[in-house]
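**Q** The structure that follows is given in the form of structure tokens.
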Amino acid sequence: MMNFFGVLAVLRFRLGCLFNECFSNESCLICNCVGKVSVCRSCSHKHLFRAARLVDCGEFCQACGKRLLSEKGLCTSCRNERVVQSLDWVHSILPYRLWAKNLMFAWKMMESRDISFVLAKTAYLAMDKLYGKELPALVPVPPRPGKIHHKGWDQIQDLAFLLHHVYGVRILDILSRTQKVQQKKLDRNGRLQQDVDRYVLSGKGKRLVECMGKDWTEGQDILLLDDVITTGGTLECCARVLKNAGFAKICALTLFIVD
């Protein structure tokens, strides 16, 4: 059942869609159909929602979640240098190519927040396919310090808000980020070097772990949520913090994967 905040969020989205259709010449980022929202209804179902329902189909790398072609178990990159060690599995919904890059740019850089609603439903459909009715607690990867104060929002926090208020997913916002450097400004080696101690258990997270105790953490399944996986360093760092806090089973879901 959608709660009050979910109703307000959906109402805001619907009003925004109506405004776009009446006064804007915005084109769908996938099919270029003019006069629609950032992602039209047809493309949402054909490309995003369909991919979410197929999230576990095929062979995937057991470490980073890349789709395997001829390999078995691990992809070539993880065999040579395995970054992700602390996760039970990683699933990504779509490859970060072609229109997916335009979608991410419009969402994060151009702040087309109507995209958050489409991607939140995409993430929920993937979670439903992977877990069914027994959804784990969702831990969003936190933004860099000062981002929300500076920009007014964060794309992963948007997803977490909608997943909780619209779809009823339980959110554990228990991580915080310690470094301000943007990942997009770093190369692969820079990303991996920066990952050490970049995320920590937040004050709220520490209090929760201390209050609930060891039995709770060991029995609580965790699903990390991020927008895109590139090297896997971010998810590995977050998972390592959660493992050290006592959580036994930690998985991850990302919307896109750079493959």
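The values are calculated or read from the model by the stated rules, or taken from the named source; none is laboratory data. Owing to the predicted nature of the structure, the values given are computational and were not obtained by experimental measurement. A quick note on method: Cβ atoms are made from the backbone with ideal geometry, for glycine too, and the neighbour counts reach across all protein chains shown.
**Q** Just to be sure before I move on: is Leu125 crowded, with 19+ Cβ neighbours inside 10 Å and in contact with a Lys or Arg (Cβ under 8 Å, 6 or more places away or on another chain) in the structure I sent?
**A** Taking the combined requirement at face value, the residue satisfies it.
**Q** From the list Cys40, Cys57, Cys61, Cys75, exactly one residue is under 19 Å from Met127 (Cβ atoms) and more than 16 Å from the chain's Cα centre (by Cα). Which is it?
**A** One residue alone meets the criteria, Cys57.
**Q** Looking only at segment 127-143, how many residues end up being assigned to a loop (DSSP other than H, G, I, E, B) and at pLDDT 90 or above?
**A** 7
**Q** A further question on this structure: Which residue out of Arg113, Arg50, Arg67, Arg79 is in contact with a strand residue (DSSP E or B) (Cβ under 7 Å, 6 or more places away or on another chain) and surrounded by fewer than 19 Cβ atoms within 10 Å (Cβ to Cβ)?
**A** Arg67
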